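Working notes, structure below.
The values are calculated or read from the model by the stated rules, or taken from the named source; none is laboratory data. All values derive from a computational prediction rather than experimental measurement. Reconstructed Cβ throughout: ideal geometry from the backbone, glycine too, with neighbour counts over all protein chains shown. With ligands, DNA and RNA removed, areas are computed over all heavy atoms of the protein, side chains included. Shrake-Rupley method; radii C 1.70, N 1.55, O 1.52, S 1.80 Å.
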Amino acid sequence: MNFSLEQLLAFVTVYEHLSFSKAAVKLNKHRTTIGQVITNLEDQLAVSLFERIGRSVEPTEDGHLLYHYAKQAIEQARVFDKIALSLSYGGLERVVIAYPSFIPHQALYLIRQQLAQDFPTMRVEFLVRGRDEIKQGIVDGSIHFGLANIHDSTAIHSFDSTFLGHVEFLPYVQTDGRLAQMNKASVLSELQIERQFMLKSLLDEGLGDKFVFSANNEQVDQLALVIKMIKEGLGWAWLPKALSDSQFAVEGVSQLELDLILEGMKLPISLWCPHAKNIKEVKSSIVKAVNDHVQKYKPR
């Protein structure tokens, strides 16, 4: 059976917008053209993909089923295109690495240290970005690598994804402060009314239900500012467990041990990047830095 990527792209775009007109605008085509492309595809497949309802459309049961396969075919074609283009390029002189604000700074330091060792002349820029911004940046080429939370991410995309592990979060309080000195039986209920600082990036990625513990909570954009305010005794927060590592320990902030919390809340993190020959070695360097850190502090 012969059908083109143009037909699949038209089908996917109409499916996602539920409109021939909107799909035509998205693809910079005339509405009549999009309608004819879909009709031709339906004839070739011998199935009906959409129910026409006035100016809008609704996918049929067959349309719902075929959409996912069409989407994957388009993404694979994009991967092919990017890999083919990358073959003609040399090494990178500059890379942009994007990350959400809850990524521990020590992980970023170790990545930069490894890149400095492996690529001494390469410029590296670190930018705080949300998951959707990271995804868009990789697609449009403005971001080379992204450390992304994948707790509810779908598998359909046109870039490379390498699972790195989990960032574990634990409650942190002021060292020797009131919360740190309370007995374990009382402190849990106290956390529910004490001021809680919430990293905005966690809320932006839909993790409020997972991390908001106190009704008295405030959003903060930067991890460093949250740590500073905890040190001053202004409240508490869920912070990366890595802050307790001896090599990167932060003075004035301590992990709060609770009988009801045997281990922290964990977020899966992946390294996103384009499928490109010229960044393959850089990716290996980043993955090595993260793996070395994970193995060093892995419980024995």
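Below are the figures for this structure:
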| read-out | value |
| --- | --- |
| Identity of the residue in segment 261-277, in contact with a Leu (Cβ under 6 Å, 6 or more places away or on another chain) and at pLDDT below 85, that ends up farthest from HIS144 (Cα to Cα) | GLY264 |
| Of all residues making up segment 99-138, the number that are among the β-branched types (Val, Ile, Thr) and in contact with a Ser or Thr (Cβ under 7 Å, 6 or more places away or on another chain) | 1 |
| Residue within segment 178-200 that is touching a Lys or Arg at 6+ places or on another chain (Cβ under 8 Å), of a type outside the set (Gly, Ala, Ser) and open to solvent by less than 20 Å² (accessible area, probe 1.4 Å) present | no |
| Subset tally (residues that are open to solvent by 40 Å² or more (accessible area, probe 1.4 Å) and within 19 Å of LEU267 (Cα to Cα)) for segment 201-218 | 7 |
| Number of the exception - SER254 against (1) crowded, with 19+ Cβ neighbours inside 10 Å; (2) at pLDDT 90 or above; (3) in contact with a helix residue (DSSP H, G or I) (Cβ under 7 Å, 6 or more places away or on another chain); (4) of a type outside the set (A, V, I, L, M, F, W, C) | (2) |
| Restricting segment 163-177 to residues that are open to solvent by less than 40 Å² (accessible area, probe 1.4 Å) and farther than 15 Å from LEU256 by Cα, the residue that is modelled with the highest pLDDT | LEU164 |
| Qualifying positions in segment 92-149 - more than 29 Å from TRP238 (Cα to Cα), hydrophobic (A, V, I, L, M, F, W, C) and open to solvent by 60 Å² or more (accessible area, probe 1.4 Å) | VAL139 |
| Looking only at segment 47-91, and only at residues there that are at pLDDT 75 or above and of a type in the set (Phe, Trp, Tyr), the one that is most open to solvent (accessible area, probe 1.4 Å) | TYR69 |
| The listed residue being in contact (Cβ under 8 Å) with a residue 12 or more places away in the chain and at positive phi, out of GLY141, GLY130 | GLY141 |
| Odd one out for THR32, checked against (1) part of a strand (DSSP E or B); (2) open to solvent by 50 Å² or more (accessible area, probe 1.4 Å) | (1) |
| Cβ pairs under 7 Å, 6+ apart, first in segment 53-82 and over 21 Å from THR32 (Cα atoms) and hydrophobic (A, V, I, L, M, F, W, C), second open to solvent by 40 Å² or more (accessible area, probe 1.4 Å) and part of a helix (DSSP H, G or I) | ILE74/LEU5; ILE74/LEU9; ALA77/LEU5 |
| Count of segment 231-251 residues which are at pLDDT 85 or above, touching a Ser or Thr at 6+ places or on another chain (Cβ under 9 Å) and surrounded by fewer than 20 Cβ atoms within 10 Å (Cβ to Cβ) | 1 |
